[in-house]
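Student: Have a look at this one before I ask anything.
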Amino acid sequence: MNLDASLLKQNAACGQKGAPVSPPPRLLDLLETSHHILCISHVTPDGDAIGSLLGLGAILRAMAKRPVLALQDALTSEFQFLPGVETIIGPSQVGRSYDLIVCLDTSSIDRIGNVYCSDAHDRIPLAVIDHHITNTYYGTENWVEPSCAATCQMLVAMADALNVPLTEEMALPLLTGLVTDTLCFRTANTDENVLQVTLRLLRAGAELDHIVRNTLDSRSFSLVKLWGAGLATVQIEDGIVWATLSAESRRQSGVELHQSDGLANFLVTVREAEISATFAQRFAQNGQELIECSFRAKPGFNVSQVAFAFGGGGHPPAAGCTVAGTLGEVSARVVAALHELRRQSLPAS
Ligand code: AMP
Ligand code: MN
Ligand code: MN
């Protein structure tokens, strides 16, 4: 496996505390001079994708702009508590005449799915705002801050730079993204800046316990059943713990279509493991077998390198990729790559 050299270098930066960030002036110009703005994020949207989308919508409205918010995939029920989710449109309603497109929390263009259509949209400036270390700089303007724990954190700095005061309408979705991406301030990238931004969002009216109860502390019984099926397959070898989730077990559990299983987060808590992985089988419409891989790592192991090598992306402690092949073949190949990463990352004894 070829681990990308630039990502290997960035490994050394894992866990460093970032300085406060500020958006590039060209991005601010684009926002100030545009009116009809399409705001989009990634497929199977998580709390940071939805929170940054709703937060940006509120910031742009405060600037008297006309934002349109769009996502390819339907929101899962856990995010229905956020005011404004009903304004997010799907691909069939996205038109083509905009002054600017802003893509949030999305490391590569293929992760946007079909709310971005290169034929219809490629003449429109595309501003990318993201915190993934694996971002491919696919926009006309790219603001990428891997030191930030969430894209929502970047938007607070952006509102400041635009002189837009934080309101409750912005604070609730923005804090939701920060809470979900940091697993409620438990990830190693929860630094002083994250906590300072959080304090400001709380002061602007967001309620932490309301967010936690609706997201991290809420799951369907179907999801617990799916975990049961996944946990029945769990195995550990040399510090890598992993489990598989067959398409059949997902169907039988009855979980929502775009519900992330979150099992890798649980597995990385295994004391004997440094890295966790889950392999979820899915069949594309043409019948092709696809395996959605999720990785988590303890500090010192950068799983985004392995995800990137298999065409995906993410962050040093949390990353993923989708690989064509059978469950058995893909899991064996990817687990071998994780073992190689672990060996390369262990301190020389
Ligand atoms: P997940 O394991 O799905 O919660 O994802 C963990 C991290 O990996 C998130 O930051 C995702 O954006 C990223 N990620 C997951 N799957 C992919 C993929 N197929 N391509 C690129 N990034 C991914
Ligand atoms: Mn995300
Ligand atoms: Mn994020």
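The values are calculated or read from the model by the stated rules, or taken from the named source; none is laboratory data. Please read all numbers here as calculations on a predicted model, not as lab measurements. Cβ: placed from backbone, ideal geometry, glycine included. Neighbour counts: every protein chain shown. What goes into the accessible areas is simple: the full protein's heavy atoms, side chains included, and nothing from ligands, DNA or RNA. Shrake-Rupley method; radii C 1.70, N 1.55, O 1.52, S 1.80 Å.
Student: Based on the Cβ-Cβ distance from THR233 to ASP191, what FRET efficiency comes out when R0 is 41 Å, to the nearest 0.05?
Tutor: Working: r = 36 Å, r/R0 = 0.88.
Using R0 = 41 Å, I get an efficiency of 0.70.
Student: Taking a ≥ b ≥ c as the square roots of the eigenvalues of the Cα gyration tensor of the chain, is the shape rounded (a/c under 1.5), prolate (a/b larger than b/c) or oblate? Walk me through the numbers before you get to the answer.
Tutor: Values: a/c = 1.55, a/b = 1.42, b/c = 1.09.
Taking the square roots of the gyration eigenvalues as a ≥ b ≥ c, the chain is prolate.
Student: Using DSSP loop states and a limit of at most 14 other Cβ atoms within 10 Å to flag GluC sites (Glu not before Pro), what is the longest stretch of the chain containing no flagged site? Kindly include the intermediate steps, with their values, before the conclusion.
Tutor: On the way: sites that count: GLU207, GLU256, GLU272.
Answer from the scan: 1-206.
Student: While we're here: Which percent of the accessible area of region 221-345 is formed by carbon and sulfur heavy atoms (probe 1.4 angstrom)?
Tutor: Working: 3070 of 5660 Å².
After summing per-atom areas, the C and S share lands at 54 percent.
Student: What is the Cα convex hull volume of region 221-345 when expressed per residue in Å³? Let's see the in-between values first.
Tutor: On the way: hull volume 12.1 nm³, N = 125.
For region 221-345, the hull spanned by Cα atoms encloses 97 Å³ per residue.
Student: Select from VAL306, VAL270, VAL102 the residue whose mean-square fluctuation is largest in a Gaussian network model of the chain (Cα-Cα springs shorter than 10 Å).
Tutor: Maximum among the listed residues: VAL270.
Student: Label SER118 and ALA161 with points 7 Å out from Cα along Cα→Cβ: what is the distance between them in nm?
Tutor: 2.8
Student: Under 10 Å, Cα contacts only: if you run a Gaussian network model on the chain, which one of ASP261, ASP29, ASP46 comes out with the highest mean-square fluctuation?
Tutor: Result: ASP29 has the largest fluctuation of those listed.
Student: Between ARG333, ARG219, ARG200, which gets the highest mean-square fluctuation from a Gaussian network model of the chain, Cα cutoff 10 Å?
Tutor: ARG333
Student: I'd like the accessible area for LYS225, computed on protein heavy atoms only with a 1.4 Å probe and all protein chains in place. Round to 10 Å², please.
Tutor: 100
Student: Still on this structure, please answer the following. If one computes the Cα centroid of region 247-315 and of region 144-172, what distance in Å separates the two points?
Tutor: 29
Student: Using a 1.4 Å probe and ignoring any ligands, DNA or RNA, find the accessible area of HIS121 and quote it in Å² to the nearest 10.
Tutor: Looks like 0 Å² after rounding.
Student: Can you say what percent of the DSSP beta bridges in the chain, counting only those with both residues inside, are antiparallel? Round to 5. Working shown, then result.
Tutor: Values: 22 of 46 bridges.
Among the beta bridges of the chain, antiparallel pairing accounts for roughly 50 percent.
Student: Once you place label points 7 Å from the Cα toward the Cβ at VAL85 and THR140, how far apart are they in nm?
Tutor: 3.3
Student: For region 126-185, what % of the accessible area comes from carbon and sulfur atoms, probe 1.4 Å?
Tutor: Details: 810 of 1640 Å².
Its accessible area is 49 percent carbon and sulfur atoms.
Student: So, R0 is 22 Å and r is the distance between the beta-carbons of ARG96 and LEU28; what FRET efficiency does that work out to, to 0.05?
Tutor: Details: r = 25 Å, r/R0 = 1.14.
Efficiency computed from Cβ-Cβ geometry: 0.30.
Student: Considering only protein heavy atoms, with the full assembly of protein chains and a 1.4 angstrom probe, order ARG342, ARG123 by accessible area, largest first. Intermediate values should be presented prior to the final figure.
Tutor: Working: ARG342 45, ARG123 225 Å².
Order by accessible area, largest first: ARG123, ARG342.
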